[in-house]
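Each remark here refers to the structure printed beneath this line.
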Amino acid sequence: MNKVLLLITTEKNKKAAKKIAKLLLKKKLAACVSLKDIYSIYEWQGKIEEINEVEITIKSKPELQNALILFLQKICSYEAPQIIYKKFNSEKKYINWVYKSI
């Protein structure tokens, strides 16, 4: 219990992002979910796309990584959802809070 999982994904709008955030908390897959408006530019199917999106940052236990990935693959609106993750060291009080919250 010395790492925190940080997972980042995106969603097309705030309503969909809030739905995902609330479900993650309700299903005890996350201790905290942060939402941030972003502007993304990327290539998709041979075209340059420019869109407003919502970045979803999920803080959780490393043991829940696979369950989180499966959940996001099912619920995200994108055909190829961004699911980026890494385990981080964190201040002990925060790690304890994350583990007690889930």
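Nothing in this text is a laboratory measurement; each read-out follows from the coordinates by a stated rule. Since we're looking at a predicted model, the values are computed, not measured. We place every Cβ from the backbone using ideal geometry, glycine too, and count neighbours over all the protein chains shown.
Points worth noting:
- Filtering the range 23-39 to residues that are in a strand (DSSP E or B), over 22 Å from K93 (Cα atoms) and touching a residue at least 24 places away in the same chain (Cβ under 8 Å) leaves only I38.
- Within the option set I69, I51, being out of contact with any Lys or Arg (no Cβ under 6 Å at 6 or more places or on another chain), surrounded by 12 or more Cβ atoms within 10 Å (Cβ to Cβ), over 15 Å from L5 (Cβ atoms) and aliphatic (A, V, I, L, M) holds for one residue only, I51.
- Subset of the range 1-22 [of a type in the set (K, R) and assigned to a loop (DSSP other than H, G, I, E, B)]: K3, K12
- Apart from one condition, Y42 fits all of (1) touching a residue at least 12 places away in the same chain (Cβ under 8 Å); (2) assigned to a strand (DSSP E or B); (3) farther than 16 Å from L6 by Cα; the exception is (1).
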